[in-house]
Structure formats: structure tokens, C-alpha cells
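Worksheet: one structure, shown below.
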Amino acid sequence: MQKQQTHANIGIFGWGRNDCGQLGFRPDQGSSSCANCSSNSSGSSGPPGVVAAVSRMPLLDGRPVMSAAASLFNTALLTADGELYMLGDNDSGLFGRRAKPAADTTAAAAAAAADLSWTAVRVEALEPHPLADVAIGQAHALAVTQQGLLATWGCNDSGQLGLGSVNEHIQHNPKLLRGSATASSSSPDKDNLRGAADGLSAANNSLALSSSGRCFTFGEGNHGVLGVRGLSCSPSPVHVPGLWEVGVLQIAAGEAHCAALGANGFAYTWGRGKYGQLGHGSFEDEEEPRQISSVSEVASVITGDQHTLLLARHPPDQASTHSSHSSSTQAYAFGRGTFGATGLGSSDNSPLNSDVHGLGGVLLGLLTVLVLKLNSSSLRMLLGWLGQLKPEVFAARVVRPVQALLTRFAKDALQHAGAPPGARPGLGQARGDALLLARLLDVLHAANVQAGELVPYSEFANSAVSATVNLHEEYYTWLQSGAYKQPYEEFQAAASRAISAAHTKPTHHTTAAAAASGGNHSSSSRSPQQRQDVPLSTGSSSSSGAKHKRVFGGGGGGAVAVPAVPPGGSVSSLCELPFLLTTEAKSNILRDEAALQQQHVVHASAMAALLQGLPPGGMAAAGGAAAAAAGAGDPLSLSLSLRVRRGHEMEDALKQIRSCGPQELKKPLRVTFLSEDGAIAEEGVDQGGVSREFFQLLVGQLLSADYGMFLHVEESRACWFNPASMESLDEFELVGIVLGLACYNGVIIDAHLPLPAYKKLMGLAPCFADLALLYPSLHNGLQQLLDFDGDVETTFCRCFEVEYEAFGAKQTVELMPGGSSMPVNSENRSHFVQLYTAWLLSGGVADQFAAFASGFHRVCGGPALSLFRYEEVELLVEGLPHLDFKGLQAGARYEGGYSAGHTTIAALWSVLLALPVDEKRAFLQFCTGCDRAPVAGLGALRLLVQRAGPDSEKLPTAHTCFNTLLLPEYCSRAKLQRKLMTAIQNSQGFGLQ
């Protein structure tokens, strides 16, 4: 059965046999008027006998057809309204009415009197039951209603209708199967066929799949097609016992064999094996389902009459296949090869799963073209249909096959370019096809967002494509095409209003209510006026909302998502579809953007200095006292130079940052540590390592509870804005600038901000679920309030107000006017929780967060930031929380006589892998200046271990700028461990490091 979405510009096409009108061509469209049709042998005015070429079928006057199914004598059409239409022969009552009797038996008279229809006939008997799916066999049909019931009608001479009896009478009136079926007489478990997910008709038997993933068969059982050993016929649905514990995702039925896709990623086949269609390497029948073990990670199964196709995400063991193709996604075929049906280039029968080259590209390419031609209304219909699929089915059978083909394009491009490891040659000649598939993936991504992101967003990122494309070129193309402008400008307008409004303190109840009302919408569907709480500065940032269409607050929430590329549009850069790029790829784009901005600002400063008769760099270039006097705010300097005293990092740094304009903050950062009296500069030259230590120290002091700007929540180990802070908003803006500087300069810091902070930073409203990430106990308590089955008012004794502590005293804020005298009860508790959450995460800290976000985006602004989801921004700022030291070991390099097999190196990794987490972090801090893993993990850090002479009493040292450990060749593991731990525990400052 083939399904497709249609509208006025897309039709259903058919070819082949049309002697019963099954392709929908009228008598006057015979050979004289239809170039694709040949007249029937009788010479009558009946339907053309054969349609020799692909022809558009004249169907339903433009009504949207959602599904089509075909058999030897009939075609079934299912509309968007759930109505079923039939074409062809009604001898078996498939039109839902009795067949007309034929009085004359001559060929011409029979053709004229036969109950045929080449115009679509509505099956009126199913009108009370809108359908979701349909399948037709040789002389019977199955349909699944939108309520999940299975209907059958037509010929029942082998019990293929599942009605509990076998008879020669035609069942022209569709019957609903409401009974249960058991796997065998010994099994007490029952699974009602109500909730059937799919139904298929074979020649004289039927196959059904329940919503719980259990497979049923009924009808003729020759060759073991029922899947139950020794069962030759079953007029009632019987459960297939061999699939009892597998969990079936998809079913397919051939003429006398069946196939099923298990949740474990393997395909199972049973029934007739005469032509090798079961794929087990033989031509024997199988009475019970047998796993095709040679192909794993199967995404879809398809059956013809006497052959089978599998679509797998990677090739099987080469020992069990005739193909040596190494692509990561393949179609495999086995069975009867007559007319080239298996696509293997031969008409021979094949009992083995053989690779079908190019089949996946043809099928997905056709699907892509069809989808891209949909208009807006048809596209919305498609999104809704996709959103109704089970998440595991949607991921395995829809998303992953597209991703697999994209991966093939990327790997083939790397192979053809002969690029060395780490190179990014681009997609080459496959770029056009890859962009088409990317647009198809855009539609699938939008459907997933609309359904509430039940499939993880990581399913839509393609690591192979991200590692192949030239990210620099993608970014430039994105800017030059202007595709970034609309979301960027929308965000700037909203940001300007949000930050200007934040300087006037609103009432708490107004802020809470406004934040609560925004929490159930995705940012893509909000207008700029609705995003009043976006705390970002004008002209320096962008939001991820317009691209990612996030849906928060519980599943779909009724929000409507649209693809990033509108119908009829085109994709010029993969930056237009940021979900396709990995977080690592996006961080590389952000670094490229920062480097370009730095070059631009440095060039402007150098030109300004030359115009004033000074060397490039201004006074800083003169050196000595003049350089020191220039300070961080010198507009002619070629870098942002911060000179801070040990023990006074926060005081010195904030003083210098205050004097900097927006352009100075964009310059390359250079940090110099001074002695406590400021007289002596430390030896370290900032090539990255000094900056990393500077940010760790500075952020630790700024976010300290002792400073009073942030609260420390012990149970979540997170920092949050203090609603009672006495610090000015300028101080919060400086904190945002510091975090922005770290992100802009590629430095990972341990900020301990919860995920809702990054959600708000990207212009999205937090919701009740986010509260659990900051205050888990409070979230559980409020959830108990929502779930409580009893007298809420007298049990909880709460009013519409919130309490918080300010300098040791309790402060109370009303969540709405008169809230202190309004008790919380069963009717208003949901509203109370909504307002309470909104005040804690938004309203109570609105001014502080707006200033903080303004500072962050003042530095880390630009279109590249709009590519990120808020979860990815957290990784960008704070890195990965877990430490994979085995990955660090795998990516390490060695110099000076060391190698991976050297005794000292073996001892080093033996010590490091055994360290507790805190000491592993200390080692990373010692070697790299940062105790967090980068976005790509520790394997991407490329630690360099260099021999620092023979055995001695010297301690190990490190060049943090270059991630280099200088390690003497100690004589024993114990000595190495003792010296290394001493160095780690006494490593502050750049005299030791």
C-alpha cells in the first residue's frame, strides 16, 4: 500500500492493468484519447485494457486523498475526512454493496453488465466510522477506523475476514471486529483488536497489528502464512506466538508470506519461501516467524507478492551478504527476481539479503519532491498526521531513513574528495540532493515540535553532515543570502522593548501574571508584543525561538509549528536549518563569527590610530608605562587588555570593564596577573590558559553567595538571582558581560546557572517543569498540591502570595491584587501554581535578569547565537558536566620520547583513571586552565604529554594555553602519583604552571 498527501497540484499516478477500471480511466479515454492506454482486446467501449506509462488518475475532483491501496482488480482511496472510495470490480462486494447479477455470459455483454466502476464509488456503509487506514487483498478489504477498530468485508471463503466462520457468501457490508484473540489455547492473555494500528490484506489471509504492538493473522494458512505451527486455517484473529515478546512496529504481507519489524531493530518473516522471499538463505517455508539475524537496525519492511525489501541503517556482517558496499544505510532485497522486482540487476531468485544500490535515494527523493510542493493547508495536514505517529515509529521509520541517506551523501563526499581526517571538503555534487533532504527533515522537525518534541531533538542532528560541510562557507552564505535577517530583526525589536521596560520596576502581580501567560506558547508563535519579557539588548543579539519553534509546558500544548523554510522556499545554507547541525558544529560557527568580529574591530582600531599619527595599537603599542596607562578602555588598542592583582580579581576586572565601550569588548582578550601590590607581572603570557584561570576566579567570586547578588540552592547546586539584592542593576549587567566575554572568547566556565536561566537568555518563557531544576522540593510540593484529592483550602492553608527571605527577614509579595486574602482551593490551585512559578523564575527577578542578559548579549551578540537551542547555550557556557577520561586518553598526543605504550605514560593513565571526580577536575584545571569538558567532550581536547627530562625531584608543570603537561620520566608509579598530586594541589599562579 502506498500513501501520499495531496492537494490540487498533486495527484495519484497509476499504470498497468485497467481492464476493470481500477486506474480510473473512463471508456472515452481509450486508445484514441489517452496516449498511455491501449484498447482492450474486445474492441468494446469498456475501460482501456492497459495503461502502459505513468498517468495521472482522474480522481475525486481535487478532494485531498490521504492514502491509496491497490490490488489486482481494485484501487482504494482514503480521503482526509476518513471517507473510503473504491474503483474497479465489485464482484466481491468491495464497494460495500451487493454485486450486480450478469444475465448474459457473452464477453461483450459481460463487460457491459459487469459491476465495474472507473469512477470512484464511496463505501457508504463505512460513513459512520471515519477511517485512518485501508488495505485490500485479492478479493477482500480491511480498514482501521479513527477510533482504532478493524473493519473487514468482501470474500470470506478462507476466513480472511476474521468473522469466526468460513463461507462462500460475499460479505458486502463491512463488519467491525470487536472480539479478542488469543495466541494459543494455552495463553490466557488477551489483546482486544480495538486499537488496531495497521491492517494488511494478502491473497486469502489478513494481517493486523494492535496498538500494543501485537500481531494477529486470520484466513488461509497454507505454507505457514498464519505464523502458527500446524494451523492451516483460522476464521478468527489469532495472535502470532513467535512475536509475543518482540513488540512489533510494522507489518507487511505478500501473496503467501508475511514480515514484521520488531522493536529490537530486526525483521521477522514467515510463510512461503519458494522464491527465497523470507531471506533466510533457503527456499523452505517457515511456519513461525524467524528473525533475519544478518541485518540489524532495520528501519522498514516492504513486501511484494513474492519478494521482500528491508531498509537498514547500516550494512550487515559482510560474511552474510553478497555486497561489499560500506554505506551507513542500505536497502536489501530477496525473493523472486522476475521482471527485476528485487532491483539487484538480475531476474534470478535470491534467498539472501542483497544490497539494492540507490533504492533509498529514489524513494526519499520522490517523497521529498512531493512534500516540497505542498501548499500551506496540505502541509498543516501532513504535520498533524505525522504528529499522531508513535514517537518510536516516527523516529525509526520516518526520521532515521532520511538521516541515513544524508549520512551517505556526507560520507561519499568525503571519500570522493580524498580529504584527510578533520578536513571539511563540503558536500560537493551531492549538495543539491542533501539540501532537498534537509528540507524534508525540516518538515519532520516541525511535526515533532508541534507534537511536543516526543522524539529527542538530537535525532534531527546529523554528525556526518556537520563534520563534512565547510562551516565557514555555510555561515557566509547564510549572511549573504539574508536568510538570517527576519528572525534577527524580530528579536531586536522585542529586545529593545523588554530592556527599556525593565528599568521601571513593575508590580509583582503584573509581572507574575504576564510571565505565566507566556509560558504555554512556543516562541515561534509569539509576536514581538507577546515576548515582553525577553531580556536582551538592542542591536546585539538574536533569539533561537524563531528557528526552533519550541513547545513548552506539556506536550503539544495546542501550539502550531511551521517549517523554518516556507512552502515554495529554498535553502541556501544549512544554517537556515540549525537543528541539523551538532552543538560542536554550531560552536565552531560561533567562534568563526567571533574571530571575524575581532578582526573587524582590530582593523578599525588600527586605522584610527594611523589617522592620529600613532602606530597600530595606540599607546599600548608604545610599551612600558604608556601601555599600562592605556588601560582596557583604550579605543586604539588592538586587544582588550585586563591587568588584575591576585586576590583583587573582581575589583580590578570590573573597574576596567566598566570603562570599555561595546567595540572594546569585541577585541581579543589578553589577561595579565599582577602581584598583590600590582608591582610585578606574573610570567604567564596569555595564549588562552591565563584567561581560563581568570574567568574561573572571577565568576566564582561574582556568583558567590557572600557577594549577595545570587542565591545558592543547595539541593540543586545551582545559583539563582537574588530578588532582594541591594546591588545596582549595573552590577548584574557586568556579570552578564563577564559571562558573555567568556563565551565570546571560547572559555568554558563553571557558572552553576540552571537551565531556566539559559531558556530565558534565549527569549523563551520558563514553565512549571523548569522549577524542578532549581527547587526540586518546592516543585514536588506544588505538584502534591495539584494532585491532592481532598479539601485543598483547609489542608494547605495557602493564599495567593509568595514569601522570600531578605537579610534575615521574611518578605511577602502578593501574586495578584488582593492575593493575601484569597485562599488557594481546588478551583484556583492551578492558577496559583502558575503565578507562583512565574514569580520565582521571571517576575521576582525581572530587573536583575534583564540587566544580566543585556550585558551578555552586549558582548556575545550576532546571528550565530540564534542557531543554538537553550540547552546548547548551557553547554557552550559551562561545557559538559561529566568527564570522560578514557576519551581524553584516546585523544592524547605524546612528544619528547613518550608514546602510548611507554611505561611512564601507562603509569600516568593508571593514576588518572583511578582519581575521584574532584581530583580529575583539579587535573584538568592544572593542565588546561578549566575543570570542565568542552562541548565535543574530552576526546576533542587533544592533551599533549611531553617528556620533561629523566627521573628527578622536579614537579610536573603545564602550559595551560596549549593543553600541555610536562612530565619527567619518574622511576615508579607511586612517585609519579605523589609528584603529580603535589603539583595539582599547589598550582595557582603562573610561576608554577
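The values are calculated or read from the model by the stated rules, or taken from the named source; none is laboratory data. Source: prediction; values computed, not measured. Note: ideal-geometry Cβ built from the backbone for every residue, glycine included; neighbour counts use all protein chains shown. These area figures cover heavy atoms from the full protein model, side chains too; ligands, DNA and RNA do not enter into them. Shrake-Rupley method; radii C 1.70, N 1.55, O 1.52, S 1.80 Å.
So, in segment 392-443, exactly how many residues are within 24 Å of residue 262 (Cβ to Cβ) and in a loop (DSSP other than H, G, I, E, B)?
Result for segment 392-443: 0.
Look at segment 63-79 and say how many of its residues are open to solvent by 40 Å² or more (accessible area, probe 1.4 Å) and either at pLDDT 85 or above or out of contact with any His (no Cβ under 8 Å at 6 or more places or on another chain) (or both).
The qualifying residues number 4.
Can you tell me which residue among 172, 140 is touching a residue at least 60 places away in the same chain (Cβ under 8 Å) and crowded, with 24+ Cβ neighbours inside 10 Å?
It is 140.
Does any residue in segment 750-776 that is within 23 Å of residue 863 (Cβ to Cβ) and open to solvent by 10 Å² or more (accessible area, probe 1.4 Å) come within less than 9 Å, Cβ to Cβ, of a residue that is in a loop (DSSP other than H, G, I, E, B) and among the hydrophobic types (A, V, I, L, M, F, W, C) six or more places away or on a different chain, and which pairs are these?
760/534
Report, by residue number, each residue of segment 567-615 that is under 35 Å from the mean Cα position of the chain (by Cα), among the hydrophobic types (A, V, I, L, M, F, W, C) and assigned to a helix (DSSP H, G or I).
If the condition is that a residue be under 35 Å from the mean Cα position of the chain (by Cα), among the hydrophobic types (A, V, I, L, M, F, W, C) and assigned to a helix (DSSP H, G or I), then 574, 575, 579, 580, 585, 589, 590, 594, 595, 596 are the ones that fit.
Return the total of residues in segment 777-793 being out of contact with any strand residue (DSSP E or B) (no Cβ under 9 Å at 6 or more places or on another chain), open to solvent by 40 Å² or more (accessible area, probe 1.4 Å) and in a helix (DSSP H, G or I).
Residues flagged as out of contact with any strand residue (DSSP E or B) (no Cβ under 9 Å at 6 or more places or on another chain), open to solvent by 40 Å² or more (accessible area, probe 1.4 Å) and in a helix (DSSP H, G or I) within segment 777-793 amount to 7.
Please return the ranges of helices (runs of 4 or more DSSP H) entirely within segment 659-749 where 3 or more residues are touching a Cys at 6+ places or on another chain (Cβ under 6 Å) and in contact (Cβ under 8 Å) with a residue 40 or more places away in the chain.
Once the helices (runs of 4 or more DSSP H) in segment 659-749 are filtered for at least 3 residues that are touching a Cys at 6+ places or on another chain (Cβ under 6 Å) and in contact (Cβ under 8 Å) with a residue 40 or more places away in the chain, what remains is 729-744.
Could you say which residue among 461, 404, 451 is under 15 Å from the mean Cα position of the chain (by Cα) and within 16 Å of residue 564 (Cβ to Cβ)?
Criteria check complete, one pass: 461.
The rows are residues; the columns are (1) open to solvent by less than 40 Å² (accessible area, probe 1.4 Å); (2) of a type in the set (S, T, N, Q); (3) without any contact (Cβ under 8 Å) to a residue 12 or more places away in the chain.
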residue	(1), (2), (3)
258	yes, no, no
261	yes, no, no
264	no, yes, no
267	yes, no, no
270	yes, no, no
276	yes, no, no
287	no, no, no
291	no, yes, no
302	no, no, no
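Counting just the residues of segment 798-818 that are more than 42 Å from the chain's Cα centre (by Cα) and modelled with pLDDT under 90, which one comes out most open to solvent (accessible area, probe 1.4 Å)?
807
In this structure, does residue 338 turn out to be more than 23 Å from the chain's Cα centre (by Cα), at pLDDT 85 or above, farther than 27 Å from residue 563 by Cα and open to solvent by 20 Å² or more (accessible area, probe 1.4 Å)?
On the way: more than 23 Å from the chain's Cα centre (by Cα): yes; at pLDDT 85 or above: no; farther than 27 Å from residue 563 by Cα: yes; open to solvent by 20 Å² or more (accessible area, probe 1.4 Å): yes.
So residue 338 does not fit the description; no.
Keeping to segment 449-466, report how many residues are open to solvent by less than 50 Å² (accessible area, probe 1.4 Å) and over 15 Å from residue 869 (Cβ atoms).
Residues in segment 449-466 being open to solvent by less than 50 Å² (accessible area, probe 1.4 Å) and over 15 Å from residue 869 (Cβ atoms): 6 in total.
Any idea which residue in segment 193-222 is modelled with the lowest pLDDT, counting only those that are assigned to a loop (DSSP other than H, G, I, E, B), touching a Leu at 6+ places or on another chain (Cβ under 6 Å) and buried (at least 23 other Cβ atoms within 10 Å of the Cβ)? Steps first, answer last, please.
Step one: of segment 193-222, the residues assigned to a loop (DSSP other than H, G, I, E, B) are 193-195, 202-204, 211-214, 221.
After this cut, where a residue has to be touching a Leu at 6+ places or on another chain (Cβ under 6 Å) as well, the list is 193-194, 221.
Cutting the leftovers down to buried (at least 23 other Cβ atoms within 10 Å of the Cβ) gives us 193, 221.
On the way: 193: 51, 221: 91.
Only one residue fits best here, namely 193.
Assuming residue 698 fulfils every condition listed in (1) in contact with an Asp or Glu (Cβ under 7 Å, 6 or more places away or on another chain); (2) open to solvent by 10 Å² or more (accessible area, probe 1.4 Å); (3) not aromatic (Phe, Trp, Tyr) apart from one, which condition is it?
(2)
Kindly indicate whether any position in segment 223-235 is within 20 Å of residue 141 (Cα to Cα) and part of a loop (DSSP other than H, G, I, E, B).
The answer is yes; a qualifying residue exists.
Residues in segment 452-473: is at least one outside any helix (DSSP H, G or I), modelled with pLDDT of 85 or more and among the polar types (S, T, N, Q)?
Restricting attention to segment 452-473, the residues satisfying the condition of being outside any helix (DSSP H, G or I) are 452-456, 461-462, 469-470.
Narrowing further to those that are modelled with pLDDT of 85 or more: 452-456, 461-462, 469-470.
In the following step, the residues that additionally are among the polar types (S, T, N, Q) were identified as 462, 470.
Taking every residue of segment 452-473 in turn, at least one turns out to be outside any helix (DSSP H, G or I), modelled with pLDDT of 85 or more and among the polar types (S, T, N, Q).
When you check residue 295 against the structure, is it part of a strand (DSSP E or B) and at negative phi, yes or no? It would help to see each step written out before you state the result.
Details: part of a strand (DSSP E or B): no; at negative phi: yes.
The answer is no for residue 295.
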